[in-house]
Structure formats: structure tokens, C-alpha cells
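Only one structure is covered here, and it is reproduced in the block below.
The values are calculated or read from the model by the stated rules, or taken from the named source; none is laboratory data. Note that this is a predicted model, so its numbers are computed, not measured. Ideal geometry is used to build each Cβ from the backbone, glycine not excepted, and the neighbour counts take in all protein chains shown. For accessibility, only protein heavy atoms count, side chains too; no ligands or nucleic acids. Shrake-Rupley method; radii C 1.70, N 1.55, O 1.52, S 1.80 Å.
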Amino acid sequence: MSDFPKSLIDIVDLSQENINELLEIADDIIANPKKYAHRCDGKKLATLFFEPSTRTRLSFEAAMYDLGGNVIGFSDAMSSSASKGESVADTSKVISCYADIIAMRHPKEGAPLVASMNASIPVINAGDGGHCHPTQTLADLCTIRREKGRLDNLTVGFCGDLKFGRTVHSLISALSEHTGIKIVLISPAELKLPSYIKNDVIKAKNIPYVQTTDLDSVLPDLDILYMTRVQKERFFNEEDYLRLKDSYILTESRLETGKDDLIVLHPLPRVNEIAVGVDKDPRACYFKQVLNGKYMRMALILKLLGLEKGE
Ligand code: NCD
């Protein structure tokens, strides 16, 4: 078996073997949930959420409970010692005395990395600013593999806020490791993918890509359409947000030109980008993605605690 990192900060920390192993564990959890129901008995997950989250935090918590473990933590920076001025480094050292593993979300890019350098227990990045969100990527990869049967030879469209959308950044990095991937970047000019990802990932790996502002013209070519919300909290002024927030709205009629086996993904929360009517289209997979996220977080917790085979 390949080495597994101590913490998960960026999706690139994981090798292809690591990711495949997590996908296999998740498949086994889905098929045999009872086998895993007590794997984390007596273990504690600390969820340190310095930024609001419903899905990701509850997904981690549900994952730990489904493994038989317990959860401690906070969901708001104001209810933590950060409000008294404590550093992330100190918080991580303190929590290492109480818990077995940390899941941290923070508005500042790099905070979970600092935590991992100071904690004596594994740290999972549950989203750091506009940087990355590796466990959402694990959910995305699990969904793509289960729905499409493969992670290669896919034309993947990313639509919406590609500048601040950290889930997009992490998924592009992960998909770029596979052969036959084509990337279609659909965004308003102001919300284009950061050039560091375009240069260091897409161009560096010679991945064919198209950049456009027009969703309709590229929709028929896509195997996967990854919609994202415009990230209001990362805007410096309200006016720009209001102007850009409804740039793309996926409606039932718009989706008519999509392939029959297209899958539509969205990390959620949805604001306006996908009309509710689309939910009943069998190609809409965003709620399956939520469930897969819990299974992949279970697999990840098991691997980081070295409990995937039991004690
Ligand atoms: C995403 C995030 O936090 O970046 N949400 C999530 O983790 N499910 C996407 C978003 O907030 O738009």
C-alpha cells in the first residue's frame, strides 16, 4: 500500500493510489455500512469552523458518528478563543490534547496548513478562503466515478465563479492527473480561473481547454457540467456581486441541448444558478454528491486514523 499523508491540506497531497484507495473504501462503506459502524469507537473529531458552513461541517460530523466516533468543536469563530486573539497554531496545539483528528474551515488561505504544522494529530482542510477544498473534490470524484464509471476521457465544464470557487480549483487539480480530460471554463470575464491554476495546472500538464463566457455554445459538448455559485463573501463590493450573481442560470430548457448522459454537479449551496425544476432531471446529481461526500469523509477519517482495517 502507498504511504498516506498525515494530514490533508490540498488535493495534490494525495497520490492517485491514495485517491483510489479512498474511493474503494467509500464503495465498501456504501455496500457494507455495518462493518464500519464501530471503527471509530472512542475517537473524537474536532470540527473547527471559523467560517459558516452547514453541509461540510455536518457531513464531517455525520461521517464520524456513522463510524461510531464522537464530535467536539465550534461552528463560528466568535464562539472560539480566536475572538480573544488566539493564533491558529496555538488553537491546534490545544485541540491536539482533546481530540484525535481535526477538520478545519478558515476564511484565510493557508490556515489549515499552519494548523497541520502545529497539531500533533491529523488535520483536514475543510475549505480555506478562496484557495482549496480537497474533501469536496473527493465527493466530486466519487460521484463522477459512480455516475460515469470513469475519471478519464471526460469533457468537463466549470461554470460560474471560477475565480473564488475553491472547489473548482481543487477539482481541476485532481482531474488533471487523468488522461483524456478536456476542460471548458465558462465564466464572466471578472470571475475567470486564477492564472496560477491555468498556468501551473492546465497549461503545465498540456490539458486541452476552452475559455468562454457563453454556456449555451459549449453545453452540447460536455460530459460533466459543474455549476458554482458566485461567492458573495469574497467580493469587495456589493455592486459587483449584484451585477455578476445571476450570470448563469441553468434551466430545464437550457439543459435540453445537453447530452443524455451528461451529469450536472454543484458543490452546493445553490443560490440561483440551477432552477429548482432541473432537480427532477435524472442528469442532476448534486444531491447524490452530498451523500457521496459523507462516505468519502468517512473513508478519509479512517485512513488518517489508520483504522481502515479496524484495530
Ligand atoms: C462550497 C464551499 O464551501 O466552497 N460548499 C461546500 O463545501 N459544499 C461551495 C460554496 O460555498 O459555494
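The table that follows gives values for the structure above.
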{"item": "Rg(Cα)/(2.2 N^0.38 Å) for segment 82-128, N = residue count", "result": "1.01"}
{"item": "Carbon plus sulfur fraction of accessible area for the chain, probe 1.4 Å, in percent", "result": "51"}
{"item": "Estimated [θ] at 222 nm from DSSP helical runs (n ≥ 4, -39500 (n - 2.57)) normalised by residues in the chain, nearest 500", "result": "-10000 deg cm²/dmol"}
{"item": "For segment 241-308, the fraction of alpha-carbon pairs in successive 10 Å shells from zero, as %", "result": "18, 38, 24, 15, 5"}
{"item": "Spatial separation of Cα centroids for segment 158-180 and segment 42-115, in angstrom", "result": "25"}
{"item": "Accessible area per residue in Å² at 1.4 Å probe, computed on segment 134-290", "result": "42"}
{"item": "Span-rule helices in the chain, defined as complete DSSP H runs reaching 18 Å or more along the axis (Cα) with Kyte mean at least 0.0", "result": "16-31, 286-305"}
{"item": "Compactness of segment 87-165, expressed as Rg and Dmax over alpha-carbon positions, Å", "result": "15.9, 46"}
{"item": "Amide N of segment 155-178 lying under 12 Å from the label point, which is placed 7 angstrom from the Cα of Asp261 along Cα→Cβ", "result": "155"}
{"item": "Solvent exposure, largest accessible area first (probe 1.4 Å, DNA, RNA and ligands not counted), of Ile72, Ile101", "result": "Ile72, Ile101"}
{"item": "Quarter of Cα convex hull surface for segment 134-290, i.e. mean projection, nm²", "result": "8.4"}
{"item": "Solvent-accessible surface (1.4 angstrom probe) belonging to Asp100, in square angstrom, nearest 10", "result": "50"}
{"item": "Cys97-Thr251 pseudo-label distance in nm [points 7 Å out on the Cα-to-Cβ vector]", "result": "5.9"}
{"item": "Too-long pairs where the Cα-Cα distance tops 28 Å, listed order kept, from Lys148/Lys198; Lys205/Lys245; Lys163/Lys294; Lys35/Lys93; Lys259/Lys303", "result": "Lys205/Lys245; Lys35/Lys93; Lys259/Lys303"}
{"item": "Reachable aspartates and glutamates from Lys280, criterion Cα separation under 13 angstrom, eight or more residues apart if same chain", "result": "Glu252"}
{"item": "Selected from Gly258, Gly180, Gly157 as most flexible by GNM, with the chain as the system and alpha-carbon contacts under 10 Å", "result": "Gly180"}
{"item": "Approximate shape of the chain as ellipsoid semi-axes (Cα gyration tensor, √5λ), whole Å, largest first", "result": "31, 23, 18"}
{"item": "Probe 1.4 Å - accessible area at Ser217, Å² to nearest ten", "result": "70"}
